[in-house]
Amino acid sequence: MNSSLWKSHILPFAFLLGLLAAVTLAGDYFLHRLDLVWVGRYLGILGTLLIICALYYSARKRKWVSKGNPRTLIRLHEFGTWLGSAMVLIHSGIHINAVLPWLATAAMSAIVVSGLVGKILLKQSQQHVKDKLGFLSNRANRKLTLSAPCIGMP
Ligand code: HEM
C-alpha cells in the first residue's frame, strides 16, 4: 500500500477513532472507580450542548452567520463534536438496557465515523487543489518564458 496514504489518512483516522474508544472506556472506568457515576448523567447534557455549539461551523459555511474564520471553525467543529461524542458515549455507551438508546448511540457513532472520513476527504481534496494549482502555475510560467522575446534579438 502507498505509504503516504497510510501515514496521512489511515493512521490519523484509526488514531482518532481508537482514542475516542479509549477515552470512553477510561472515562467510564474512572467514574465507577471514584464513585462518580452520577457525573455521567450530566455528561450527556454537556456533550449534546457541545455538539450543538460545534454545528456553528455549518451555519457559517452556509452564510447564515458572518462571524468567525471558517478554518478555525472547522477545527472547532472537529474537536467539539469529537469531545461531545466522547461525553455522550461515556454517558450512554456502556450500560444501556433498552433498544432506543442503543440505536441512538449507534447512529451517533456512525456520524462520528462519517465525520472522520469527511476530515480525510477534505484534506485530500485540499491537497488535490493545491497540486493542480502548482501544476497550472508552472505551466503558465513555462509558456511565458517560451513566448518572451530573447534579449539581444532584433
Ligand atoms: C456528533 C457528531 C457530528 C455531527 C452531528 C456533525 C455534523 C456535521 C454537519 C451537519 C456537517 C455539514 C456542514 C455543512 O455542510 O453545512 C458536517 C461536516 C463536516 N464534519 Fe461533522 N459532525 C460530527 C462529527 C464530526 C467529527 C468527529 C469530525 C472530524 C473529526 C467531523 C468533521 C467534519 C468535516 C471535515 C465536515 C465537512 C466540512 C466541509 O466540507 O465544509 N465531524 N458535520
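The values are calculated or read from the model by the stated rules, or taken from the named source; none is laboratory data. All values reported here derive from a predicted model rather than from experimental measurement. Cβ placement follows ideal geometry from the backbone for every residue including glycine, while neighbour counts extend to all protein chains displayed.
Quick grid of which residues meet (1) without any contact (Cβ under 8 Å) to a residue 60 or more places away in the chain; (2) β-branched (Val, Ile, Thr):
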{"residue": "SER4", "(1), (2)": "yes, no"}
{"residue": "HIS9", "(1), (2)": "no, no"}
{"residue": "LEU16", "(1), (2)": "no, no"}
{"residue": "ALA59", "(1), (2)": "yes, no"}
{"residue": "VAL65", "(1), (2)": "yes, yes"}
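For residues that are more than 8 Å from the ligand (Cβ to nearest atom) and not hydroxyl-bearing (Ser, Thr, Tyr), scanning just region 71-87, find the one that is surrounded by the fewest Cβ atoms within 10 Å (Cβ to Cβ). Once the filter is applied, the top-ranked residue is ARG71. Is it the case, given these coordinates, that ALA104 is surrounded by fewer than 16 Cβ atoms within 10 Å (Cβ to Cβ), under 21 Å from VAL37 (Cα atoms), within 13 Å of the ligand (Cβ to nearest atom) and under 21 Å from the mean Cα position of the chain (by Cα)? Criteria met by ALA104.
Being in contact with a Pro (Cβ under 9 Å, 6 or more places away or on another chain) and among the basic types (Lys, Arg) is a property that holds for LYS61. Taken over region 50-70, the criterion of being outside any loop (DSSP other than H, G, I, E, B), farther than 20 Å from LEU36 by Cβ and of a type outside the set (Ser, Thr, Tyr) is satisfied by ILE51, ILE52, CYS53, ALA54, ALA59, ARG60, LYS61, PRO70.
Residue pairs whose Cβ atoms lie under 9 Å apart, sitting 6 or more positions apart in sequence or on different chains, and linking a residue in region 101-118 that is touching a residue at least 24 places away in the same chain (Cβ under 8 Å) to a partner that is away from the ligand (no atom under 11 Å from the Cβ), are SER109/GLY93. Every listed requirement among (1) without any contact (Cβ under 8 Å) to a residue 40 or more places away in the chain; (2) hydrophobic (A, V, I, L, M, F, W, C); (3) surrounded by 11 or more Cβ atoms within 10 Å (Cβ to Cβ); (4) more than 19 Å from GLY118 (Cβ to Cβ) is met by LEU46 save one, (1).
The condition of being more than 27 Å from VAL37 (Cα to Cα), part of a helix (DSSP H, G or I), at pLDDT 90 or above and not charged (D, E, K, R) holds for only one of LEU89, LEU73, that being LEU73.
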